[in-house]
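Down below is the structure, laid out as structure tokens.
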Amino acid sequence: MPVESLPVVNVEALLLTDDNSNNQKTNERVQQTSQQLLDALVEWGFLYISGHCVDINLQNNLEAASREFFNLPLEVKQQINMKLGKHAWRGYFPPGDELTSGIPDSKEGIYFGTELADNHPKVVSETPLHGSNLWPCQYPELKTIVLQYMNAMEQLGHALMRGLAIGLGLDEKYFQNSFGKDPTLLFRIFNYPPSSQKVGWGVGEHTDYGFLTILKTDNNPGLEVLSPTLKWIEVPFIPNTFIINIGDQLEIATNGLLKATPHRVRIQREENRLSWPFFFDPDWDALLRRVDLTHWNNSNEWPSRKPGKRWDGKDLKTMQNQKYGDYLLDKVSRCFPHLFKAVVT
Ligand SMILES: O=C(O)CCC(=O)C(=O)O
Ligand SMILES: [Fe+2]
């Protein structure tokens, strides 16, 4: 039997400017690309994308600046510890501080989100996960690079959601119009240190929470994904591609047509591994509800990726009309229980 591997879709057609959108050939390419994207997401919930138009120099600068940050002495990194970001949930966390399913991950990392001014209504009302970012004063360039990169990811996220809507036979602005024009954006930079342990997880098995994750990794392997035949497969590095995967909210919205695929990260023995997940999620206040896909003949059976209980024991079928922000907060509180208690309750 051939080894299963993630599909690769070239999404360039979804990133063409509006000037070209009346052209019939362009429209055909957009349709074709949207269909390929949808097929990959239905079958795998995971894929690589090429043709994403994200500047390679920006990506290289991000990688170099991230390495420089993690090479700083711990006490310098701790100057922007997440505790200082309070309820905005921004800043640095050292190895072992983040839990997946109650077990400490081996990684360290930095959390970023949309940069909001102090007078933004959600900052004034102290809404969790809203605020300004914490930036290391040793590396002012990190701020410029991260904000540029997040901006590029946001554009890409909108383009992919547009492609997905077209693939599903919906209005191309469907997701923007139904789940908010102001997506919840979370960006993380992770460093997985090498470990002498034989078996161990940089991140335990989980699914992501929102709509789409756009993941950049360095050239060290480690990510593993549950395949359509329920085998854990490695996801090798392919230069200048991003890895895209579905989060719980798209599974809920599509009544299980798209599945949030379980994945995990294996720790490496020799080298540290860096990754840059960007989460493109519904508006904080958006209500979770199903998209009308009756034209798809989508049964009510909700086929699941894996028999038995989900990794977090949740039943996504029952999650309707909850605010996305509440769902996310519940998840975050389990990842950082001590911090959560200290700043939110
Ligand atoms: O580091 C990776 O490759 C993946 C991380 C991940 O799955 C996550 O942050 O949700
Ligand atoms: Fe993940």
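Straight-line reach from residue 107: taking Cα to Cα under 22 Å and skipping same-chain neighbours fewer than 8 places apart, the lysines in range are 77, 83, 86, 143, 198, 216, 331, 341. Per-residue 3J(HN,Hα) values for region 246-260, derived from phi via the Karplus relation 6.51 cos²θ - 1.76 cosθ + 1.60 with θ = phi - 60°, read 8, x, 3, 5, 6, 5, 5, 5, 9, 6, x, 4, 9, 10, 7 Hz in sequence order (x marks Gly and Pro).
A cut-off of 5 Å between modelled amide H atoms, ignoring neighbours fewer than 5 places along the same chain, links residue 223 with 235, 266. Projecting the Cα atoms of 193, 158, 9 onto the charge dipole of the chain (Cβ charges, centred on the Cα centre) puts 193 farthest toward the positive pole.
Mind putting a number on the dipole of the chain about its Cα centre? Charges go on the C-beta only, +1 for Lys and Arg and -1 for Asp and Glu, and I need it in Debye to the nearest 20.
So the dipole magnitude of the chain works out to roughly 820 debye.
Distant-in-sequence amide contacts of residue 10, defined by a placed amide H-H separation under 5 Å and a gap of 5 or more residues or a different chain, comprise 50. The residue list 322, 233, 215 was ranked by how far each Cα lies along the charge dipole of region 213-337 toward its positive end, using unit charges on Cβ atoms, and 233 comes out on top.
Is the C-alpha gyration tensor of region 115-209 telling us rounded, prolate or oblate? Criteria: a/c under 1.5 is rounded; beyond that, a/b larger than b/c is prolate, otherwise oblate. Taking the square roots of the gyration eigenvalues as a ≥ b ≥ c, region 115-209 is oblate. Charging the Cβ of each Asp and Glu at -1 and of each Lys and Arg at +1, and nothing else, the dipole of region 30-112 about its Cα centre rounds to 340 debye. In the chain, the DSSP-assigned H stretches of four residues or longer account for a calculated mean residue ellipticity at 222 nm of -9000 deg cm²/dmol, using -39500 (n - 2.57) per stretch and the full residue count as denominator. Compared with the dominant principal axis of the Cα atoms in the chain, helix 140-167 is inclined by about 20°. What does the C-alpha gyration tensor say about the overall shape of region 43-148? Classify as rounded when a/c is under 1.5, otherwise prolate if a/b is larger than b/c, or oblate. Taking the square roots of the gyration eigenvalues as a ≥ b ≥ c, region 43-148 is rounded. In plain terms, if you count all Cα to Cα distances in region 128-268 and split them into 10 Å steps from zero, the share in each step is 9, 33, 36, 19, 3, 0 percent.
For the pair residue 290 and residue 155, the difference between a 0.36 nm per residue extended length and the Cα-Cα distance amounts to 46.2 nm.
Per residue, the average separation of C-alpha pairs within less than 8 Å and at least 6 apart gives region 1-124 a relative contact order of 17 percent. If you take the Cα centroid of region 130-156 and the Cα centroid of region 110-128, the two points sit 14 Å apart.
Highest mean first, the peptides 6-12, 68-74, 254-260 sorted by other C-beta atoms within 10 Å per residue fall in the order 254-260, 6-12, 68-74. Relative to the longest principal axis of the Cα atoms of the chain, the long axis of helix 56-70 lies at roughly 30 degrees. Our summary gives the chain a relative contact order of 20 percent, counting only alpha carbon pairs under 8 angstrom and 6 or more residues apart. Near residue 201, the amide H atoms lying under 5 Å from its own belong to 267; only residues 5 or more places off or on other chains count, and H is placed 1.01 Å from N. Relative to the first principal axis of the alpha-carbon coordinates of the chain, what is the inclination of helix 324-335, with its axis defined by its Cα atoms, in degrees from 0 to 90 and to the nearest 10? On a 0 to 90 degree scale, this one is about 40. Restricting the calculation to alpha carbons of the chain gives Rg and Dmax of 19.5, 59 angstrom. Put a plus charge on the Cβ of each Lys and Arg, a minus charge on the Cβ of each Asp and Glu, and nothing anywhere else: the dipole of region 106-201 about its Cα centre is then about 320 debye.
Values quoted throughout were computed directly from the atomic coordinates according to the rules given, and no laboratory measurement underlies them. Here the structure is a predicted model, which is why all the values come from computation and not from measurement. Reconstructed Cβ throughout: ideal geometry from the backbone, glycine too, with neighbour counts over all protein chains shown.
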